[in-house]
Amino acid sequence: MRGRIETIIAKNANIDDPDFRNPAELTKQLREKLPKRPKRVIRHHPALPYAAQFMSDLCMAEGRAALALRFLIFTVCRTNEIVGAKWTEIDRTFSTGPVWRIPGVRMKMDQDRCVPLAQPALDVLDQLSKGQQSDLIFTNPDGQEFSENAMLAVLDRMGYGHVTVHGFRATFATWAEECTDYPDGVREAALAHKYKNETTAAYQRGATLEKRRTLMNDWANFIGAPSKIIQLTAVRH
């Protein structure tokens with residue numbers, strides 16, 4: 001608030017006036033009088049345990065928004081990447097298997113991305129392709145792009161209103177770390193995370209596409225296997 005007041009005063013005063021002094025400037029005296037800034041509390045998105053009953057329930061849900069949520073879970077992509085997905089971005093003829101090419105304008109890091117598609121993700125696309133006339137893959141009843149809250153509404157209708165869509169990425173990350181031997185680089189690449197360590201990033205310049213494809217196939221097989229689905233309560237990661 002102090003900084004905003006300082007900016008407003010500065011924009012409406014003659015700063016070339018040698019006698020001008022911005023009363024909102026953070027001086028040593030003012031810093032001593034102001035209360036200390038509280039420590040930032042990091043709050044993670046509420047997520048489900050990776051072995052929850054959820055996928056069985058989701059398969060019973062109707063509507064395109066429910067299919068969009070299934071596709072999001074199988075690809076572990078972000079909401080804006082899903083709702084803006086277009087048919088022209090799906091490449092089923094790629095040499096090593098089907099991929100989804102997401103342009104950088106929809107990516108958090110502003111870089112083009114290639115997502116390997118497991119068979120359950122392709123099954124979702126096959127369900128949607130019948131009679132589809134829009135360039136968008138996931139459309140609302142009016143044929144327009146879904147709101148980013150559409151998948152949240154699905155969760156609420158299913159009785160999972162305490163969970164967030166973004167939390168499924170945390171669910172995947174927990175499963176990948178606890179139940180697989182894939183290296184950090186492959187797991188982080190699957191989530192399109194930026195490497196915090198510049199040295200690690202230098203050695204991970206490759207797209208690791210085929211390693212990610214194997215990881216995503218394992219993820220799809222895990223959450224789609226009835227023998228591994230048990231009822232658990234929701235937790236926060």
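The values are calculated or read from the model by the stated rules, or taken from the named source; none is laboratory data. Only a predicted model underlies this, so the values are computations on that prediction, with no experimental measurement involved. All Cβ positions, glycine included, derive from the backbone under ideal geometry; neighbour counts span all protein chains shown.
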Qualifying residues in region 45-65 (those that are surrounded by fewer than 17 Cβ atoms within 10 Å (Cβ to Cβ) and part of a loop (DSSP other than H, G, I, E, B)) - the one modelled with the lowest pLDDT: His45
Among the numbered criteria (1) surrounded by 14 or more Cβ atoms within 10 Å (Cβ to Cβ); (2) over 19 Å from Met151 (Cβ atoms); (3) among the hydroxyl-bearing types (Ser, Thr, Tyr), which single criterion is violated by Thr96? (1)
Please go through region 99-113 and pick out each residue that is acidic (Asp, Glu) and surrounded by 11 or more Cβ atoms within 10 Å (Cβ to Cβ). Asp112
Selection status of Phe146, under 14 Å from Met55 (Cβ atoms) and either modelled with pLDDT under 90 or among the aromatic types (Phe, Trp, Tyr) (or both): no
Can you tell me which residue is nearest to Asp218 (Cα to Cα) among those in region 161-177 that are surrounded by fewer than 20 Cβ atoms within 10 Å (Cβ to Cβ) and touching a Phe, Trp or Tyr at 6+ places or on another chain (Cβ under 8 Å)? Trp175
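Go through region 1-14 and count every residue that is farther than 24 Å from Pro35 by Cβ and either within 45 Å of the chain's Cα centre (by Cα) or touching a residue at least 12 places away in the same chain (Cβ under 8 Å) (or both).
Of the residues in region 1-14, 3 are farther than 24 Å from Pro35 by Cβ and either within 45 Å of the chain's Cα centre (by Cα) or touching a residue at least 12 places away in the same chain (Cβ under 8 Å) (or both).
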If I ask for residues that are of a type outside the set (D, E, K, R) and either touching a strand residue (DSSP E or B) at 6+ places or on another chain (Cβ under 6 Å) or over 18 Å from Ile223 (Cβ atoms) (or both), which ones from region 71-92 would you list? Thr75, Thr79, Asn80, Val83, Gly84, Ala85, Trp87, Thr88, Ile90
